[in-house]
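To start, the structure under review is shown below, and the notes come after it.
The values are calculated or read from the model by the stated rules, or taken from the named source; none is laboratory data. These figures come from a predicted structure and were not determined experimentally. In this analysis, Cβ positions are derived from the backbone assuming ideal geometry, glycine residues included, and neighbour counts consider all displayed protein chains.
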Amino acid sequence: MASGGLVLSGDDLSTLPSDRLATLKKLLPPTGVAAEFEDEALRVGVVRLKDRTLLCVFNWGQEAEKIPVKLPRAGNVADLWSGHEYGAERGTMEVSLKPHEGTVLVLR
């Protein structure tokens with residue numbers, strides 16, 4: 001998601017369980033637009049698309065952390081992978097991530 005480019009899977013797609021196939025399909029088609037990160041820490045990157053904004057959030061640390069995410073505009077936020085709906089948000093929100101975990105938020 002953050003690179004906006006090529007999607008590779010080493011899985012045999014004909015035997016992939018439906019839940020994993022559904023996850024893979026969320027990556028398609030590639031957006032062609034790379035995330036713009038706020039700094040060299042590469043913790044929060046923004047991908048601006050016509051119909052939505054993607055926020056790529058990473059916890060590179062050894063401890064669970066609440067990562068502050070500054071939203072570029074107000075809107076409804078959902079987690080791409082889990083489907084968790086945060087609802088209408090504006091300003092800055094916090095995303096709880098385990099060590100070495102990342103997620104993608106969809107802002108509509």
Report summary line: Residue set A41, A88; condition in a loop (DSSP other than H, G, I, E, B) and either free of Cβ contacts under 8 Å to residues at least 24 places away in the same chain or in contact with a helix residue (DSSP H, G or I) (Cβ under 6 Å, 6 or more places away or on another chain) (or both); output residue A41
Requested in this report: Go through the range 57-90 residue by residue and tally those that are closer than 19 Å to D39 by Cβ, of a type outside the set (D, E, K, R) and touching a Leu at 6+ places or on another chain (Cβ under 7 Å).
Outcome: 6
Requested in this report: Identify the single condition in (1) modelled with pLDDT under 95; (2) in contact with a Cys (Cβ under 9 Å, 6 or more places away or on another chain); (3) of a type outside the set (K, R) that D12 does not satisfy, given that it satisfies every other one.
Outcome: (2)
Query raised in the report: Are there any pairs, at least 6 apart or on different chains, whose C-beta atoms fall under 8 Å, with the first in the range 16-34 and more than 24 Å from V44 (Cβ to Cβ) and without any contact (Cβ under 8 Å) to a residue 12 or more places away in the chain and the second surrounded by 10 or more Cβ atoms within 10 Å (Cβ to Cβ) and of a type in the set (A, V, I, L, M), and if so, which?
Result: L16/L24
